[in-house]
Amino acid sequence: MINYLKSEQYRMLRKKSLHLTSLVCLLLISAAGAVLAYFGKTDPTFPYATSNFYYSNVLGGAGLIILVAFIVNFSLTGKDTTVLKNTISFGIKRKTVYWSKLILTFIYFLVLCIIGLSLLIGIGETFLASESGSISNLLAAVANMVPIILSAFLLIHTLKLLNMGDVYILVILLGIYGFAGNLLWVVAKKFPFFKKLYEYAPDTLMGRNLMGFMDKTAQIGYPYFLTGGLLAAAAIVIGIIQFSKKPID
């Protein structure tokens, strides 16, 4: 597995599009902070030159973070999957393929997120008006996001290795992480049982997390880890079982 990891790492690090995407993400974070800081200095009445407003835009952009996860995952589960037949024919086990690609892409994504979060806090606390407790409030909200974003990353990885089309994957992600709560709320009007499921839907939790941050009452809560954990476990189980059975053309 070590040799395969090294070869996949070499392949991933040569992806210029991956590094360009990472650079664009960091530039967008910097640009957003720079714009708020600029208007805060030029217009004393500008109310949004605060770290809390700056952070809230990132916390409310879970969809964009999932899209970045999709792009990072694509680096080893995109066109490179066309050589899977050769890889497996050389004796590499499918589980090794599944976990190696997952480990490498996730580490890259994790490092990118840590750098992005550090940059976010650095800009917010240096160039924008900051309030006491803003960082602890932010970190609590970020901690709640982690299991849900992780589950999305795992789901993307599984669906890509199962050779599902990109458009279908994006539709599934949008359905689960963007509209599941709204759909369950509509169904719950006729079937009260679904109201409990609505409370644990990813988009419901993400909305609640953002509101908690904006109200300065963000706390790490078990529902985020329960929902994220169940979705992550389902993605891994489905991925390992289905990928082990899938014919490789």
Simple label model, 7 Å out from Cα along Cβ direction - Lys79 to Glu125, nm: 4.2 nm
Loop-located trypsin sites (Lys or Arg not before Pro) in the stretch 154-220, at most 11 other Cβ atoms within 10 Å (DSSP): Lys189, Lys190
Carbon and sulfur %, accessible surface of the chain computed with the full protein complex present, 1.4 Å: 70 percent
The chain, dipole about Cα centre (Lys/Arg Cβ +1, Asp/Glu Cβ -1), debye to the nearest 20: 1060 debye
Sparse-neighbour loop sites [chymotrypsin sites (Phe, Trp or Tyr not before Pro); the stretch 1-108; at most 16 other C-beta within 10 Å; DSSP]: Tyr48, Phe90
Charge context of Gly133, other residues only, Cβ under 13 angstrom, K/R +1, D/E -1: -2
Efficiency of FRET between Ile88 and Leu26 - r from beta-carbon atoms, R0 35 angstrom, step 0.05: 0.45
Loop trypsin sites (Lys or Arg not before Pro), the stretch 1-105 (other Cβ atoms within 10 Å of the site Cβ: 15 or fewer; DSSP): Arg14, Lys93
Structure-based [θ]222 nm, the chain - -39500 (n - 2.57) summed over DSSP H runs of at least 4, per residue, nearest 500: -26000 deg cm²/dmol
Efficiency of FRET between Leu162 and Phe53 - r from beta-carbon atoms, R0 30 angstrom, step 0.05: 0.15
Candidates Ala49, Ala235, Ala188, ranked by Gaussian network fluctuation over the chain, Cα under 10 Å, top entry: Ala188
In degrees, nearest ten, helix 134-161 long axis to first principal axis of the chain (Cα): 20 degrees
Label-point separation, Ile238 to Val111 (7 Å along Cα→Cβ), nm: 3.0 nm
Selection from Ser17, Leu5, Met145, by position along the positive dipole direction of the stretch 2-245 (Cβ): Leu5
Cα long-axis angle, helix 16-42 against the chain (0 to 90 degrees, to the nearest 10): 0 degrees
Stretch gain in nm, segment Ala34-Lys95, where the contour uses 0.36 nm per residue and the Cα spacing is subtracted: 17.5 nm
Shape of the stretch 112-249, Cα gyration tensor, a/c cut at 1.5: oblate
Rounded, prolate or oblate (a/c below 1.5 giving rounded, otherwise prolate when a/b exceeds b/c) for the stretch 105-192 by Cα gyration tensor: oblate
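Taking only protein heavy atoms into account and a 1.4 Å probe, give the accessible area per residue of the stretch 2-245 in Å².
Per residue, the stretch 2-245 has an accessible area of 55 Å².
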Percentage of interatomic Cα-Cα distances in the stretch 2-245 larger than 27 Å: 43 percent
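The values are calculated or read from the model by the stated rules, or taken from the named source; none is laboratory data. Quick caveat: nothing in here was measured; it's all calculated off a predicted structure. All Cβ positions, glycine included, derive from the backbone under ideal geometry; neighbour counts span all protein chains shown. The protein model used for the area step is the full one, side chains on, heavy atoms only, and it has no ligands, DNA or RNA in it. Shrake-Rupley method; radii C 1.70, N 1.55, O 1.52, S 1.80 Å.
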